[in-house]
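A single structure is presented below for examination.
The values are calculated or read from the model by the stated rules, or taken from the named source; none is laboratory data. The structure presented is a predicted model; accordingly, all values stated were derived computationally and were not measured. Using ideal geometry, Cβ is built from the backbone for each residue, glycine included, and neighbour counts are taken over all protein chains shown. Heavy atoms of the whole protein, side chains included, go into the accessibility calculation; ligands, DNA and RNA do not. Shrake-Rupley method; radii C 1.70, N 1.55, O 1.52, S 1.80 Å.
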Amino acid sequence: MELSGEITAGRPLLVLAVKEEAQYLDTDLPILLTGMGKVNAATALSTVLARGPRPSEVVNLGTAGALRPGMTGTHVVGTVIQHDLDGALLATLTGETYGEPLSLPAGGDVVLATGDAFISDEAARERLAARAALVDMEGYALATAACLAGVPVRLVKHVSDEAGEGAARSWRESVAECARALADWAAANTAYRA
């Protein structure tokens, strides 16, 4: 976890997983790098939100794999799900429901699936494509932490790869281009400068 800048009420907090995704951000907004995965994301964001003050919103900028053909560019997520939590099974064991889909009021119609597995095989991609258009490793955790803290959240994802064979190589090759697109989106859609 690495926080640069100072969180203040009335201004957004930009949240990204890793420095590679943040490399072109040139803003006076605070930036939180959480590390990859749901645990790192939830822990880092919960820690800074608990310390206070709270930002006006959390804006998660990050890369995502495309689960469906033709998905390219930058997308504001409307619904986020967990793909690696078997909520139906847990409900049969406990009678409680865990990990329900989260609808994000500031989002569009894109569904994002979050899980701790980097999707890089065709079978996993096809299974997930029936439920979502994009896949990442932090979105659901960040949305949950922000919602529990009462802070509005936007998940903004730029497609880095096709979440199939060769996805890891594709991510390494495209992350700089994705970081540029995410920085451009943030400059156009947030209070990027005081």
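For residue 89, indicate whether it is modelled with pLDDT under 95 and over 23 Å from residue 172 (Cβ atoms).
In short, yes.
State the number of residues belonging to region 55-75 that are under 21 Å from residue 25 (Cβ atoms) and open to solvent by 40 Å² or more (accessible area, probe 1.4 Å).
Going through region 55-75, the residues under 21 Å from residue 25 (Cβ atoms) turn out to be 55-64, 73-75.
From what's left, open to solvent by 40 Å² or more (accessible area, probe 1.4 Å): 56, 74.
Residues meeting the conditions: 2.
Moving on. Can you tell me which of (1) in a helix (DSSP H, G or I); (2) over 19 Å from residue 36 (Cβ atoms); (3) touching a residue at least 60 places away in the same chain (Cβ under 8 Å) is the one residue 188 doesn't meet?
In the conditions (1) in a helix (DSSP H, G or I); (2) over 19 Å from residue 36 (Cβ atoms); (3) touching a residue at least 60 places away in the same chain (Cβ under 8 Å), residue 188 misses (3) alone.
Kindly establish whether residue 192 is at pLDDT 95 or above, open to solvent by less than 70 Å² (accessible area, probe 1.4 Å) and over 23 Å from residue 70 (Cβ atoms). Reasoning before the result, please.
On the way: at pLDDT 95 or above: no; open to solvent by less than 70 Å² (accessible area, probe 1.4 Å): yes; over 23 Å from residue 70 (Cβ atoms): yes.
No.
Search region 6-43 for residues being out of contact with any Gly (no Cβ under 8 Å at 6 or more places or on another chain) and basic (Lys, Arg), and hand back the single one that is surrounded by the fewest Cβ atoms within 10 Å (Cβ to Cβ).
Checked region 6-43; the qualifying residue surrounded by the fewest Cβ atoms within 10 Å (Cβ to Cβ) is 19.
Looking at region 23-41, I want the residues that are closer than 14 Å to residue 118 by Cβ and part of a loop (DSSP other than H, G, I, E, B) and have a partner that is modelled with pLDDT under 95 and acidic (Asp, Glu) with Cβ atoms under 9 Å, at least 6 apart or on another chain. Which pairs are those?
36/116; 37/116
Still on this structure: Looking at region 133-148, can you tell me whether even one residue there is over 20 Å from residue 73 (Cβ atoms), in a loop (DSSP other than H, G, I, E, B) and in contact (Cβ under 8 Å) with a residue 40 or more places away in the chain? Spell out the reasoning first.
We begin by selecting, within region 133-148, every residue over 20 Å from residue 73 (Cβ atoms); these are 140-148.
Subsequent filtering for residues that are in a loop (DSSP other than H, G, I, E, B) retains none.
There is no residue in region 133-148 that is over 20 Å from residue 73 (Cβ atoms), in a loop (DSSP other than H, G, I, E, B) and in contact (Cβ under 8 Å) with a residue 40 or more places away in the chain.
Then there is this: Looking at region 89-107, which of its residues are among the aliphatic types (A, V, I, L, M) and surrounded by 14 or more Cβ atoms within 10 Å (Cβ to Cβ)? Even if it seems obvious, please write down each step before you answer.
Quick first cut of region 89-107, residues among the aliphatic types (A, V, I, L, M) only: 89-91, 93, 102, 104, 106.
Residues satisfying the conditions are 90, 102, 104, 106.
Please go through region 108-162 and pick out each residue that is of a type in the set (Asp, Glu), open to solvent by 20 Å² or more (accessible area, probe 1.4 Å) and closer than 24 Å to residue 190 by Cβ. Can you show your working first?
Here is the first cut: in region 108-162, the ones of a type in the set (Asp, Glu) are 109, 116, 121-122, 126, 136, 138, 161-162.
From what is left, the residues that are open to solvent by 20 Å² or more (accessible area, probe 1.4 Å) are 109, 116, 121-122, 126, 162.
Result: 109, single match.
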